[in-house]
């Protein structure tokens, strides 16, 4: 099994509310299934599309955002001390100050759960690694590594990170250079930029089928459907 470098979808132009996931209608699911079936008619490989809400929990973002907001609250209160503490310090004032900082931390940890904040506070490299690990785990869990000729290909869209990740099995790694897999990703991103998630995924599947037809063409009478054609959806 080998991974292919993921490509990010522009955060400004993909209006997907991450955290709530993506609810596909039966018609949209059938469009993706039909795209897989058409693509696999050209090749002996197996294409599995997958949509996940997120590839990582990023709990550290909640803690870091909480600390940041708490420090901002503390700094604001200390720099504006004459406005809210004109008669000097007392034990009660110290308690109110501590409570304000604690509330600031709590509010910050809540903000740290928001997808825009997670993307802002997390590096592209870390998100790329999280998506890669999620794809590799899904590859094993959904038996893509068990095709008879090791020709499974996972096309995974991770919504929170706004990444498409293409993961081919080992027999395809030497046959297809990474640049060709990135073309598959780019085919999907063109419509994802417009918020057309299903159309973008179908385009990536079509491009993947055309690529696989070159290196692993279909053999008449010997092209079993080894893996399900429907899109896998997970949190």
Over the chain: helical MRE at 222 nm, DSSP H runs n ≥ 4 each giving -39500 (n - 2.57), nearest 500
-17000 deg cm²/dmol
Counting DSSP beta bridges with both ends in the chain, the antiparallel % (nearest 5)
45 percent
To test your reading of the geometry: what angle, between 0 and 90 degrees and rounded to tens, separates the Cα axis of helix 59-79 from the longest principal axis of the chain?
30 degrees
Could I get the Rg over Rh figure for the chain? Both from C-alpha atoms, Rh via Kirkwood, rounded to two places.
1.19
Which angle from 0 to 90°, rounded to the nearest 10, does the C-alpha axis of helix 178-192 make with the longest principal axis of the chain?
70 degrees
Going by alpha carbons, how many degrees (0 to 90, nearest 10) lie between the helix axis of 197-215 and the longest principal axis of the chain?
40 degrees
Starting from the Cα-Cα distance between residue 102 and residue 222, subtract it from 0.36 nm times their residue separation and give me the gain in nm to one decimal.
36.6 nm
May I ask for the percentage of alpha-carbon pairs in segment 59-120 that lie more than 15 Å from each other?
52 percent
Highest first, please rank the peptides 221-233, 109-121 by the mean number of other Cβ atoms sitting within 10 Å of their residues.
109-121, 221-233
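Return the inverse of the average 1/r over all pairs of distinct C-alpha atoms in segment 113-235, which is the Kirkwood hydrodynamic radius, in Å to one decimal. Walk me through the intermediate numbers first.
Numbers: mean 1/r = 0.0641 Å⁻¹.
Radius from the Kirkwood sum: 15.6 Å.
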Among 27, 40, 214, which one shows the biggest mean-square fluctuation in a GNM of the chain, springs joining Cα atoms closer than 10 Å?
27
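Every number in this text was worked out from the coordinates using simple rules, so none of it is lab data. Just so we're clear, the structure is a prediction, and the values are computed from it rather than from any experiment. Cβ: placed from backbone, ideal geometry, glycine included. Neighbour counts: every protein chain shown.
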